[in-house]
Every structure is written in C-alpha cells, then in structure tokens.
1. Only one residue in Ile77, Ile17, Ile57, Ile49 is out of contact with any helix residue (DSSP H, G or I) (no Cβ under 8 Å at 6 or more places or on another chain) and in a helix (DSSP H, G or I), so which one is that?
2. Here are Ala397, Ala312: which of them is modelled with pLDDT of 95 or more, open to solvent by 40 Å² or more (accessible area, probe 1.4 Å) and over 24 Å from the mean Cα position of the chain (by Cα)?
3. Quick check, is Tyr181 closer than 21 Å to Ala251 by Cα, at pLDDT 95 or above and not small (Gly, Ala, Ser)?
4. Could you tell me whether the stretch 339-346 includes any residue that is surrounded by fewer than 23 Cβ atoms within 10 Å (Cβ to Cβ) and closer than 25 Å to Leu210 by Cβ?
5. Taking the stretch 178-199, which residues are open to solvent by less than 10 Å² (accessible area, probe 1.4 Å) and either in a loop (DSSP other than H, G, I, E, B) or basic (Lys, Arg) (or both)?
6. How many residues does the stretch 200-246 hold that are within 23 Å of Ile120 (Cα to Cα), part of a helix (DSSP H, G or I) and not acidic (Asp, Glu)?
7. Does the stretch 231-251 contain any residue that is surrounded by fewer than 22 Cβ atoms within 10 Å (Cβ to Cβ), over 30 Å from Asn48 (Cα atoms) and touching a residue at least 12 places away in the same chain (Cβ under 8 Å)?
8. So which of Thr145, Thr162, Thr111 is open to solvent by 20 Å² or more (accessible area, probe 1.4 Å), of a type in the set (Val, Ile, Thr), closer than 28 Å to Glu191 by Cβ and touching a Phe, Trp or Tyr at 6+ places or on another chain (Cβ under 9 Å)?
Amino acid sequence: MAFLADALSRVKPSATIAVSQKARELKAKGRDVIGLGAGEPDFDTPDNIKAAAVDAINRGETKYTPVSGIPELRKAIAAKFKRENDLDYDWQQTIVGTGGKQILFNAFMATLNAGDEVVIPAPYWVSYPEMVAICGGTPVFVSTTIENDFKLQPADLEAAITPKTKWLIFNSPSNPSGAAYSEAELKAITEVLKRHPQVWVLTDDMYEHLTYGDFKFTTPAQIEPELKDRTLTMNGVSKAYAMTGWRIGYAAGPLELIKAMDMIQGQQTSGACSIAQWAAVEALNGTQDFIPENKEIFRGRRDLVVSMLNQASGIKCPTPEGAFYVYPSCAGCIGKTAPSGKVIETDEDFVTELLESEGVAVVHGSAFGLGPNFRISYATSEQQLEEACKRIQRFCAALR
C-alpha cells in the first residue's frame, strides 16, 4: 500500500515559488541576482490599513471568527461589489478565505467530481490546473496566441466545451500575460456561455484595479446578468492594497455554493486571521486614493520593460492592459547557443541560462501552459527593472 495519495502524482510544484526560492538561494551564496519571479507589489501596505489592524489588536479582536468571515468584512465585500461592479449580493452570499487560493480551492472541492472538466485558457496561473487535478477534475486547456494578445477566442471556447464541462476559469487582467478583456470581448465570451447552461464561471478578478490607460474593467456577471446565478466572482486585497502577506481573499456567488464552501472551510482552516480581516474592512471601506497613484507607477514600469525587451535580439513583447506582468516571446532565441555552450531548445533552457549567465530570475512560459515565452513581474523598482532588462539584452546579444 502506497503511503502518499495518488492525487499527488497529478500535481506539479509551483514554478513561480520555485523561481523565487532559487533566486533567494543564489543571493544567499553572494550572487548578484535580480528576482523578477514574484507576483507581489513592492509597495508597503497603506498606513490606514495597518492602523486598523493595530486598532483591532488593541480592541481584543483576537478570537476565532465565523468560518465565512466577520459580518463587517462580508458586508464591506457586498458593498464593494455593488459600488464598483454593479453586482447585487446579500452579504450572506459572500465568503472570506485565507487568500484567493483558498477560495478557488474550496470552490473546486465543493463542486468537482471525477471526470468533470474545467476549461482553462492558456497561458494560465500555475495553480489553476493543479487545484483542479487535486480535486479530481480534468483540466481542459485552450491555447491563446500572441497575435490575439493572449485572449481566449469565442470559437475556441465553444470548441472546448463538452457535456462534461463544469467550469470555465476566467482571469482578467491575466496572470501571467497581463491581458485584459474589453467589454465587447467579454460580451462575446458570455454569449458562448449562455448557450451552455451546465457551465459555471469562476472569475478571478484579483488584478481588477491594475489596468492602464483608458481601459475599463468589467466582470462576467456584470456584462451578462443571466450568468450571475452560475458565477463565482473572486477577488482579494493582496494586489491592489499591497496586502499579500495578510492572506485575505473573498468571493460572492449563489448561496448554495457559498454554504458548500463554508462547510469545507469549516473542516479545513475555519475563519481567516481575525486581525487581517479587520485590516481588509478598512481596505475596502477606507480611502482608495493610493490606488491610482500606484497604478501610475506600475504603468511607467510596464512601458519601460516593454520598450527595453523589444530592443533585445530575438524577443517580442506585447504591451499588456493590466496586472504587473509582461509575457514576451523568446521564439527568436530558440536554437541558438548560450555563452555556456548550451543550446537553447526550450523557454525553460532560456530562463535557466539567463539566470546562470546574468543573474536575472524570470519564470519560463511552459510553466503557464504556453511557450516559448517567459514571465517578468515588474513589481519592483525602475532601477532594478532597467538593470535586469540591460542584462537580458546583453544575454540575447551573446547568443550564437
């Protein structure tokens, strides 16, 4: 009898976590490494949010909370959805988890049976297919193209749906590509879903507030109210409010699903950290003035990175509408030989040689289901980004 569960054989470690760990190990050995693998804002949590956490501690808000979250936070979540997304949810249709990951995981755990299919556009966040596999479902990948800005095309979605399809995972703006869907593009996707009433939508809106220029964010249930009763709209405070370590994600959806997720969470972790929840209340209800300021900083970083990468030999980098990632193609470098003598046969070879040769840590695109590409997080200083891009240019120029 095997000791470890069979499910583990279907799951791979997180490539993004692995890259960050590798960068830390090399730095500990004295290497000059610029880590561009982590999807984490480099800004500090705003002072008003930190003060709310301190106040909660001083008030003694240090006990267990209800599994689905404190009522104050759940009401703030319902108010946020109404205010920003024109979505009407009763506060009891919301749930709070220990990060967005737990929300997603619990939704799959509550709904997937063996053989159920989940459509996942590629490139995708590395955890989506692994969560589906752990919960017994079958990931069904739909590739996008750089020519279509890495956006799911309605015809491709239609072709991927079968009678076994239970969910579509929809992430806009996207990790890893930064692609964000316009209202018209999203409407075309929802028209397909209307024809398939067995398919639910799990929409990951974590990067909602990080869009640039004149882009207007919308979410599927907002575009097509007919889908609301089969949509779980997930979000969190980690990216827009620079609260990654506070570990608060949330969602709203049909009450039956929320109750099922609550039951699973009750046997898993129970409620999220009480102090973090009170901080999240302030994040959602308090001033939002810093969001446009941070967005403008990110936009400048994006423009810098896109410009410099497109000056690197063999690299093609589109300009994304949102998040804080770029997803350049390194197809022009495949088949060339690195200074070490290694032939670059894959995007994983490319990022490995880049790290060894120039000390720049990025994530290979095949980890996100689509290559030959690589992901750069520009959630770090312009000085670091400029130096990293110079090193990438130098590395690409040295390929033969």
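1. Details: Ile77 fails: out of contact with any helix residue (DSSP H, G or I) (no Cβ under 8 Å at 6 or more places or on another chain); Ile57 fails: out of contact with any helix residue (DSSP H, G or I) (no Cβ under 8 Å at 6 or more places or on another chain); Ile49 fails: out of contact with any helix residue (DSSP H, G or I) (no Cβ under 8 Å at 6 or more places or on another chain).
So the residue among Ile77, Ile17, Ile57, Ile49 that is out of contact with any helix residue (DSSP H, G or I) (no Cβ under 8 Å at 6 or more places or on another chain) and in a helix (DSSP H, G or I) is Ile17.
2. Working: Ala312 fails: open to solvent by 40 Å² or more (accessible area, probe 1.4 Å).
One residue alone meets the criteria, Ala397.
3. Taking the combined requirement at face value, the residue satisfies it.
4. no
5. Initial filter on the stretch 178-199 (open to solvent by less than 10 Å² (accessible area, probe 1.4 Å)): 178-180, 186, 189-190, 192-193, 199.
The answer is Gly178, Ala179, Ala180, Val199.
6. Total satisfying the criteria: 8.
7. no
8. On the way: Thr145 fails: touching a Phe, Trp or Tyr at 6+ places or on another chain (Cβ under 9 Å); Thr162 fails: touching a Phe, Trp or Tyr at 6+ places or on another chain (Cβ under 9 Å).
Answer to the selection: Thr111.
The values are calculated or read from the model by the stated rules, or taken from the named source; none is laboratory data. Not measured: the values here are computed from a predicted model. All Cβ positions, glycine included, derive from the backbone under ideal geometry; neighbour counts span all protein chains shown. Remember, those area values only see protein heavy atoms, side chains included, never the ligands or the DNA or RNA. Shrake-Rupley method; radii C 1.70, N 1.55, O 1.52, S 1.80 Å.
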